[in-house]
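These notes are about the structure you will find just below.
The values are calculated or read from the model by the stated rules, or taken from the named source; none is laboratory data. Because the structure is predicted, anything quoted here is derived from the model rather than measured. For neighbour counting, all protein chains shown are included, and Cβ atoms are generated from backbone atoms with ideal geometry for every residue, glycine included. Each accessible area value is taken on the protein alone, full model and side chains, heavy atoms only, with ligands, DNA and RNA left out. Shrake-Rupley method; radii C 1.70, N 1.55, O 1.52, S 1.80 Å.
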Amino acid sequence: MFPAAFEYQAPATLADALSLLKKHGDDAKVMAGGQSLIPLLKLRFARPELVVDIGRLPAMSSIKRDNGHVAIGALVRHVDVERSKDLEAWLPMMVEASHWIADPLVRNRGTVVGSICHADPSGDWGSVMLALGAELIAHSQSGERVIPIDGFFQGPFTTTLRADEVATGIRIPVSKGRSGGAYLKLERKVGDFASAAVAIHVEMDGNKIAKAGIGLTAVGPTNLKATAAEKALAGHEPTDQLIAEAARLAAQAAEPKGDIRGSAEYKKDVVRVFVQRGLHTALGRAKEGKA
Ligand SMILES: Cc1cc2nc3c(=O)[nH]c(=O)nc-3n(C[C@H](O)[C@H](O)[C@H](O)COP(=O)(O)OP(=O)(O)OC[C@H]3O[C@@H](n4cnc5c(N)ncnc54)[C@H](O)[C@@H]3O)c2cc1C
């Protein structure tokens with residue numbers, strides 16, 4: 001199927017992009033890598049009058065460390081994360097997650113921020129960002145807005161981003177103490193979306209878990225934050241019993257639907273097993289000082 005006719009603009013500056021979005025409102029759609037938008041256009045699920053291609057905007061392709069954060073620009077692609085030596089040192093869980101996304105063709109063009117803006121509950125980056133406590137940076141003609149990722153996802157393919165805004169990047173706080181992470185994903189075949197997946201991040205204070213982040217993929221209407229499990233872990237020394245209890249709480253937070261990838265009960269149990277395994281892995285990595 002061919003898309004409905006639309007106008008195409010590739011502005012050279014952010015100011016021009018913002019002016020187009022202000023003028024056209026809901027009739028315009030931002031395009032980054034196009035890996036989700038183009039299929040939507042072709043299926044006519046999206047019928048914008050104008051596509052604003054931000055792919056030529058300068059200075060949004062960097063990964064840098066800045067004031068206690070790792071800052072990832074809106075044009076950083078999945079493949080850039082996969083190959084980043086800096087992220088391997090600073091946030092190896094992101095590199096681990098990047099290998100699980102789609103196939104090399106999609107990874108070569110799709111962006112991390114585009115994936116988050118797309119808000120597919122089966123998208124992998126949303127859960128990673130929930131576990132890491134990230135913040136999205138959005139710009140409009142009214143200025144900059146910092147949006148905590150917790151609360152950003154409102155429903156399937158729905159976020160708090162406004163039609164006149166461009167997400168220009170995402171920033172992730174750098175842990176103060178030793179930390180570790182893990183991304184575990186079950187997929188039917190290589191390149192598939194998750195049947196279920198979990199992102200885990202732990203920050204240590206001596207022998208105790210100072211802070212835990214747990215994000216869940218493909219088991220609810222949005223990527224989910226397993227808040228009760230996170231709270232159960234914080235302030236405690238990790239024991240097998242505590243980890244099993246946190247995994248039970250995370251599974252309880254999951255709201256999967258049965259489909260061709262498995263029954264709801266099966267997916268909940270995958271979450272329980274993966275959170276348990278992921279916590280052991282993340283804690284082991286924190287111990288080794290692997291971030
Ligand atoms: C075959 C296939 C398999 C896939 N498998 C997976 C998978 O296993 N895991 C996974 O997580 N994803 C998967 N994806 C999705 C892929 O990761 C996309 O790259 C990603 O979802 C969107 O990124 P993009 O840069 O291509 O965004 P686009 O397609 O350009 O945009 C997607 C949406 O986000 C909005 N948007 C994009 N960037 C911005 C911005 N900076 N500011 C405001 N709005 C913006 C657009 O308006 C649009 O609504 C798959 C895609 C395909 C085609």
On Cα atoms only, tilt of 264-287 relative to the major axis of the chain in degrees: 70 degrees
Please give the residues of segment 72-106, grouped as numeric ranges, whose backbone N is less than 13 Å from a label point set 7 Å along the Cα-to-Cβ vector of residue 38. 105-106
Could you tell me the extents of segment 63-173's C-alpha atoms along the three principal axes, largest first, rounded to whole Å? 35, 32, 23
How large is the convex hull of the C-alpha atoms of the chain per residue, in Å³? 121 Å³
Binning at 10 Å from 0, report for segment 143-235 what percent of all alpha-carbon pair distances ends up in each bin. 14, 36, 35, 15, 1
I want to verify a result. In a Gaussian network model of the chain, Cα cutoff 10 Å, which of these has the top mean-square fluctuation: 83, 107, 277? 83
Between residue 260 and residue 105, what is the spin-label point distance in nm, taking each point 7 Å from the Cα along the Cα→C-beta axis? 1.8 nm
Compute the signed sum of charges (Lys and Arg +1, Asp and Glu -1) over the other residues within less than 14 Å, Cβ to Cβ, of residue 126. -2
Which pairs break 21 Å Cα to Cα here: 64/231; 176/208; 22/42; 29/85; 208/231; 176/231? 64/231; 22/42; 29/85
If one compares the long axis through the Cα atoms of helix 240-253 with the longest principal axis of the Cα atoms of the chain, the angle in degrees, nearest 10, works out at 40 degrees
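Given a cut-off of under 8 Å on Cα pairs at least six residues apart, what relative contact order in percent is computed for the chain? Write out the running numbers ahead of the final one.
Values: 674 pairs, mean separation 47.3, N = 291.
Result for the chain is 16 percent.
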Scaled to the compact-protein estimate 2.2 N^0.38 Å, what is the alpha-carbon radius of gyration of segment 133-184, rounded to two decimal places? 1.37
Count charges around residue 18 for me, please; just the other residues with Cβ under 9 Å from its Cβ, Lys/Arg as +1, Asp/Glu as -1. -2
What percent do you get for the relative contact order of segment 113-267 when only Cα pairs under 8 Å and 6+ apart count? 22 percent
For segment 45-110, convex hull volume per residue from C-alpha positions, Å³: 124 Å³
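How long are the semi-axes of the equivalent ellipsoid of segment 195-244, taking √(5λ) for every eigenvalue λ of the Cα gyration tensor, in whole Å from largest down?
Numbers: eigenvalues 103, 21, 15 Å².
The equivalent ellipsoid of segment 195-244 has semi-axes of 23, 10, 9 Å.
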Tilt relative to the chain, helix 14-24 - C-alpha long axis, 0 to 90 degrees, to 10: 70 degrees
Over segment 103-152: Kirkwood hydrodynamic radius from C-alpha pairwise inverse distances, Å: 12.0 Å
In a Gaussian network model over the chain where Cα atoms closer than 10 Å are linked, find which of 35, 241, 154 has the largest mean-square fluctuation. 241
Have a look at 151, 55, 215 and tell me which one the Gaussian network model of the chain (Cα, springs below 10 Å) gives the largest fluctuation. 151
Residues of segment 179-287: accessible area per residue at 1.4 Å, in Å²? 45 Å²
May I ask you to order 84-94, 176-186 by the average number of other C-beta atoms within 10 Å around their residues, highest value first? 176-186, 84-94
At 1.567 mPa s and 4 °C, Stokes D of segment 7-52 from Kirkwood alpha-carbon radius, µm² per second: 119 µm²/s
Accessible area per residue of segment 16-90 at 1.4 Å probe, in Å²? 55 Å²
On each of the three principal axes the extent of the alpha-carbon atoms of segment 179-287, given in whole Å and largest first, is 44, 25, 22
